[in-house]
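Colleague: Below are the structure tokens for one structure; questions will follow.
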């Protein structure tokens, strides 16, 4: 697998371009291209250089007022791989936020299950108003055009828009499930309630809420393979379950 991926420059171009790796030996953070891994370093350096080239070209573009406007969409509520630890021998990825970075208000933004939220905003748009950028979808469905009417409404209401950074996270279900599972093994799944508009803890009993997960084939007949109600785990602060193993193939998981 490593040999194959090493032939695809686009894989390295998708690596984070911020120091998301903690070097436990040196006690400092590192970029992917800083690691002493000869299989990774050259690819990571070329991927990083490409993004620097894109950034420089964007900044050098003449501003006439007619250039296209970039409107990012970032998933925020789903647990996402966003950091890693290097112990001198192996690199271990993690779904924890990189606490060694100054997240500056992004502590509640996780990701869309594939892309961390802080990586979804182009570097040239740092400091821009992020109102209307957040989506509750995971990585695949986030490209749906369903959000376009809402975006148009944001533009119409721009003059009276008062939402500030960090106050626009509507209630959402954050899904934590890995993309790949071995044949014959159960599928662990975890769901958290996230959002700025959640009721106060003393008025909400999460153990009484019904949270369900449905597993169905991504293609072909739409009949569910399994429908499971998740159990509340007070120690973890989340709903948990295991979906049954299924025949090899591509499946969709939906929560409600």
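Colleague: Can you pull out the residues in region 55-81 that are in contact with a helix residue (DSSP H, G or I) (Cβ under 9 Å, 6 or more places away or on another chain) and more than 22 Å from residue 95 (Cα to Cα)?
Modeller: 55, 58, 59, 70, 71, 72
Residue by residue, here is whether (1) part of a loop (DSSP other than H, G, I, E, B); (2) touching a residue at least 40 places away in the same chain (Cβ under 8 Å) holds:
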| residue | (1), (2) |
| --- | --- |
| 33 | no, no |
| 38 | yes, no |
| 42 | no, no |
| 48 | no, no |
| 55 | no, yes |
| 72 | yes, yes |
| 80 | yes, no |
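Colleague: Then there is this: Conditions: (1) crowded, with 18+ Cβ neighbours inside 10 Å; (2) part of a loop (DSSP other than H, G, I, E, B). Residue 19 meets all but one. Number of the miss?
Modeller: Among (1) crowded, with 18+ Cβ neighbours inside 10 Å; (2) part of a loop (DSSP other than H, G, I, E, B), residue 19 violates only (1).
Colleague: Of all residues in region 117-143, count the ones that are at pLDDT below 80, over 23 Å from residue 101 (Cβ atoms) and surrounded by fewer than 14 Cβ atoms within 10 Å (Cβ to Cβ).
Modeller: 1
Colleague: Considering region 57-70 alone, what residues qualify as being assigned to a helix (DSSP H, G or I) and either touching a residue at least 12 places away in the same chain (Cβ under 8 Å) or in contact with a strand residue (DSSP E or B) (Cβ under 6 Å, 6 or more places away or on another chain) (or both)?
Modeller: Matches in region 57-70: 58, 59.
The values are calculated or read from the model by the stated rules, or taken from the named source; none is laboratory data. For clarity, every value in this text was computed on a predicted model and none was experimentally measured. Because the Cβ atoms are built from the backbone with ideal geometry, glycine has one as well, and the counts that use them run over all protein chains shown.
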